[in-house]
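Notes follow the structure.
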Amino acid sequence: MNSFLDWVGRTPLSLYLGDTAWTIPTIQAVHIMAVAAVFFSALWLDMRILGVVGRGQPFAPLSRRFAPWIGWGVVVLLLTGLLLMAAEPTRAILNLYFQIKMAALVIVGTLTWAMAAGAKADSPLWGAPETQGTAKLIAIISLVLWALIITAGRWIAYGP
């Protein structure tokens with residue numbers, strides 16, 4: 001793995017990103033803005049499920065409203081994340097905080113996809129009184145995972 005990461009670190013793209021002073025800060029800024037867009041969209045949906053906001057609105061229209069922000073935000077995160085990994089592959093891939101962030105992202109991504117798919121299909125999970133406990137638990141887990149992702153993302157810079 002180390003030899004592969006060393007090879008990636010010597011590619012022209014990696015060298016360019018590392019040698020050009022403005023590229024990494026710019027990519028990081030775009031990445032952070034995309035995190036904010038995705039997080040606040042997911043936060044709004046989770047808070048709706050918890051009954052904190054939008055109590056008078058059905059979940060499905062809210063999900064349709066915020067799903068594009070999440071979807072396109074994830075595309076931007078993927079692209080900027082790949083560029084950041086190409087710039088410093090060993091620092092990113094072997095970093096424990098990066099690995100925690102990616103594991104949490106897979107889980108919360110699956111939960112968010114399930115919420116959006118359920119809302120699209122008018123699943124009773126998001127509206128029926130008998131399933132509100134499950135929906136609220138999923139929303140709380142989602143919020144905790146997003147907080148973990150943001151925290152781990154910040155700690156990547158301080159990892160080994």
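The values are calculated or read from the model by the stated rules, or taken from the named source; none is laboratory data. All figures in this text were calculated on a predicted structure; none of them were measured in a lab. Methodologically, a virtual Cβ is constructed for each residue, glycine included, from the backbone with ideal geometry; neighbour enumeration extends over all protein chains shown.
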- Task: For residue 90, indicate whether it is within 26 Å of residue 132 (Cβ to Cβ), surrounded by fewer than 19 Cβ atoms within 10 Å (Cβ to Cβ) and of a type in the set (S, T, N, Q).
- Result: no
- Task: Would you please list the contacts, defined by Cβ atoms under 8 Å and residues six or more apart or on different chains, that run from a residue in the range 1-23 that is on the phi < 0 side of the Ramachandran plot to a residue that is modelled with pLDDT of 80 or more and among the polar types (S, T, N, Q)?
- Result: 2/90; 5/90; 6/90; 8/14; 9/90; 16/23; 17/23
- Message: I need the full set of residues from the range 36-45 which are within 10 Å of the chain's Cα centre (by Cα) and closer than 20 Å to residue 140 by Cβ, in order please.
- Response: 38, 39, 42
- Which of the residues spanning the range 20-42 are surrounded by 14 or more Cβ atoms within 10 Å (Cβ to Cβ) and under 17 Å from residue 65 (Cα atoms)? 34, 37, 38, 39, 40, 41, 42
- Requiring at least 1 residues that are modelled with pLDDT of 90 or more and either of a type in the set (A, V, I, L, M, F, W, C) or over 30 Å from residue 19 (Cβ atoms) (or both), the helices (runs of 4 or more DSSP H) wholly within the range 41-131 are 59-87, 96-120
- Message: Tell me yes or no: at least one residue of the range 10-28 is at pLDDT below 90, closer than 17 Å to residue 135 by Cα and not hydrophobic (A, V, I, L, M, F, W, C).
- Response: no
- residue 71 meets each of (1) under 24 Å from residue 158 (Cβ atoms); (2) surrounded by fewer than 18 Cβ atoms within 10 Å (Cβ to Cβ) with one exception, condition (1)
